[in-house]
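A short worksheet on the structure shown next.
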2 protein chains.
Amino acid sequence: MRIGFIGIGLMGLPLCRRLLAAGHPLAVWNRSPEKCRPLAELGAAVATSPAALAAGVDLLLLCVSDTAAVEAVVFGTDGIAAGAHAGLLVIDHSSIAPAATRTLAARLAATGVRWLDAPVSGGVIGAENGTLVIMAGGSVADVEQARPVLMSYAQRLTRMGEVGAGQVTKVCNQLIVAANSLLIAETVALAEHAGVDARLLAPALAGGFADSLPFQILAPRMAERRFEPVQWKVQTLLKDLGNALTLASETGSSVPLASQAEALMRRHADSGQAAADLSSIIALHSQGAPD
Amino acid sequence: MRIGFIGIGLMGLPLCRRLLAAGHPLAVWNRSPEKCRPLAELGAAVATSPAALAAGVDLLLLCVSDTAAVEAVVFGTDGIAAGAHAGLLVIDHSSIAPAATRTLAARLAATGVRWLDAPVSGGVIGAENGTLVIMAGGSVADVEQARPVLMSYAQRLTRMGEVGAGQVTKVCNQLIVAANSLLIAETVALAEHAGVDARLLAPALAGGFADSLPFQILAPRMAERRFEPVQWKVQTLLKDLGNALTLASETGSSVPLASQAEALMRRHADSGQAAADLSSIIALHSQGAPD
């Protein structure tokens, strides 16, 4: 099976490395071609356009930044649609809007091209270690065709439903991550105001009912006001909460806490912290801080 | 060291069993004396009052339901204060208000009795398995005197600061648990409205950034509308959120998400669900459910 990959960024690069290490023949394309060089040195072919890449592979993986970038690479000049052949399976690892995913998939389906939305969770570390969690939307047959390839870098691949269901699940995941990070900030500030050394919270409560990966990562950084290096950008989580509100609005779902979380996150981003690390949201509660 | 225990309930019973199994000599008291019988059969002495118990031990453990119950057992008729001797160390495993804790401790300190607030997290299972997490407030010396005894049923005992700091930490823990449970409900409902089988969420996202023990416990029960048996009562979590708001108000801390979470939890409790399992809060979002 010939495999193509579009989007050699922070995530794409380690994913491609793992595909090559697993012995998959690989061709790649990236908007800035120099990003393909380390993969070419490892034996990957470098395509001249998404259209040329789509013409020569059976399975085409995407990992780009947002909905607009996916649309450009699929339907732009020399895009995937221009070179696609009936039978091609496109697998999108990007995190984009579920509604846009369904529209893209429907347009491609008219030409016999199949679509699997397969957003990932686990970050660059998970990509490097092959421990990503993948939530997929598409037919059972398409998920099973993709599985041996995707398991090169995932610990788990779950089919959540038809096309779009993977992106819905990613939106759900990010709703909890983003809103919980604001809860963690409230908690760290409350502990400080009540005279407890908040640096002790994460080790003291590890493994308990309040614990989570964000709690272990963010609570110590918040307590120490240690906002460098940037791991998660405020604007990324703000975008995620926006996607959750849009999905809720489209489906008639009530998300009162996520709505308030979005307003709080937006207030923080608008105060000049959009590109700062998520841990900086502790500043929302620092007005009345002791000392 | 002679050890006493007051409050032989769901938590107290397994804690006493573990103390006896570890070879500690133990005397117990409970408001309903028949609850002491299984421990008497294992060799525990049964005291006739909290005062009598306090008179005969070096270290007195409490595990009762709320602030009023602690006050009654300490300062009520034949209470601990009536029998206490200088040098007694009282260790309170109950989850009560930090301010009340400091007041109780100060009153007892006048007679040479020391106080350690030591609320626990981990539930009945954690008590039975000896895997509780304990967050303590008191002097370093008192924490270290208690440590060998408390580690009979804990995996971790962390000193969070002076008297009251353990209860502050428990309030922080519960703020996250209660508000996160409402986020989980929003997420389960959003997934359902968007056409995803929400029963798949917990296994699909296990180990990721959105994951937590409440997510694994509550999301499947919410998705299946399976509210029996009752594990966590709505009114307990509502009380916890109330304690968080009180502490925030006392300390001038802003907790906007916890405030909204309290209002949502109260609305659900007031709809006749106060004694129901926490998973029933999915009903807040079920008006538009596709079913």
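The values are calculated or read from the model by the stated rules, or taken from the named source; none is laboratory data. Note that the structure is predicted; figures quoted are calculated from it, not measured. Virtual Cβ from ideal backbone geometry, glycine too; neighbours counted across all protein chains shown. Protein only, heavy atoms only, side chains kept; ligands, DNA and RNA dropped before computing areas. Shrake-Rupley method; radii C 1.70, N 1.55, O 1.52, S 1.80 Å.
Descriptive notes on the structure:
- In region A:103-212, the DSSP beta bridges split such that about 35 percent are antiparallel, to the nearest 5.
- Long hydrophobic helices in chain B, taken as whole DSSP H segments with a C-alpha length of 24 Å or more on their own axis and mean Kyte-Doolittle hydropathy at least -1.0: B:165-193, B:234-251.
- For A:HIS85, the label point sits 7 Å beyond Cα toward Cβ; its separations from the matching points on the remaining copies run 9.2 nm, from shortest to longest.
- Just so you know, the Rg over Rh for the protein assembly as shown is 1.06, from Cα atoms, with Rh as the Kirkwood radius.
- Here the dipole of region A:181-249 is about 200 debye; that uses its Cα centre as origin and unit charges on the Cβ of Lys and Arg (positive) and Asp and Glu (negative).
- Computed over region B:168-284, Kirkwood Rh from alpha-carbon pairs, angstrom: 14.5
- Annotation for B:ALA106, label-to-label distances across the other copies: 6.7 nm (shortest first, one decimal, point 7 Å from Cα along Cα→Cβ).
- Dipole of region A:168-284, positive end: most advanced residue of A:SER280, A:LEU247, A:GLN231 [Cβ charges, Cα centre]: A:GLN231
- Dimensions of region B:175-228 along the principal axes, based on C-alpha atoms and rounded to the nearest Å, stand at 30, 25, 19, largest first.
- With a 1.4 Å probe rolled over the protein heavy atoms of all chains, the accessible area of B:CYS172, B:CYS63 falls in the order B:CYS63, B:CYS172, largest first.
- Shortest-first nm distances, B:LEU42 label point to equivalent points in other copies (7 Å, Cα→Cβ): 5.6
- Fraction of beta bridges assigned by DSSP in chain B that are antiparallel (%, nearest 5): 15
- Shielding by partners, peptide A:244-251 (average Cβ within 10 angstrom, other chains): 3
- Counting only DSSP beta bridges with both residues in the protein assembly as shown, the antiparallel share comes to about 15 percent.
- Taking the Cα centre of the protein assembly as shown as origin and assigning +1 to Lys and Arg Cβ atoms and -1 to Asp and Glu Cβ atoms, the resulting dipole is close to 580 debye.
- Ranking by accessible area, most exposed first, for A:SER121, A:SER259 with a 1.4 Å probe: A:SER259, A:SER121
- Taken over the alpha carbons of chain B as equal point scatterers, the Debye sum produces base-10 log I(q)/I(0) values at 0.09, 0.10 Å⁻¹ of -0.48, -0.58.
- Heavy-atom accessible area with a 1.4 Å probe sorts A:MET11, B:MET151, largest first, into B:MET151, A:MET11.
- Estimated [θ] at 222 nm from DSSP helical runs (n ≥ 4, -39500 (n - 2.57)) normalised by residues in chain A, nearest 500: -14500 deg cm²/dmol
- Simple rule: put +1 on each Lys or Arg Cβ and -1 on each Asp or Glu Cβ in chain A, find the dipole, and look at A:ILE184, A:SER95, A:ALA261; the Cα lying farthest toward the positive end is A:SER95.
- Measuring from the axis that maps chain B onto chain A, the chain B residue with the nearest beta carbon and its rounded distance in angstrom come out as B:SER212, 2.
- The dipole here belongs to region A:3-161: it is taken about the Cα centre, uses +1 on the Cβ of Lys and Arg and -1 on the Cβ of Asp and Glu, and is about 180 debye.
- Environment charge of B:LEU238, counting only residues whose C-beta is closer than 11 Å and scoring Lys/Arg +1, Asp/Glu -1: +1
- Summed buried accessible surface, chains B and A, 1.4 Å probe, nearest 100 Å²: 5300
- Coarse-grained scattering of region A:3-161 at q = 0.13, 0.19 Å⁻¹, given as base-10 log I(q)/I(0) from a Debye sum over alpha-carbon atoms: -0.52, -1.22
- Peptide A:150-161 has a mean shielding of 3, counted as Cβ atoms of other protein chains within 10 Å of each residue's Cβ.
- Looking at region B:205-291, none of the GluC sites (Glu not before Pro) sits in a DSSP loop with at most 14 other Cβ atoms within 10 Å of its own Cβ.
- Restricting region A:107-201 to GluC sites (Glu not before Pro) that sit in a DSSP loop and have at most 16 other Cβ atoms within 10 Å of their own Cβ leaves A:GLU162.
- Remark: mean inter-chain Cβ contacts per residue of B:130-137 equal 3, using a 10 Å Cβ-Cβ cutoff to other protein chain atoms.
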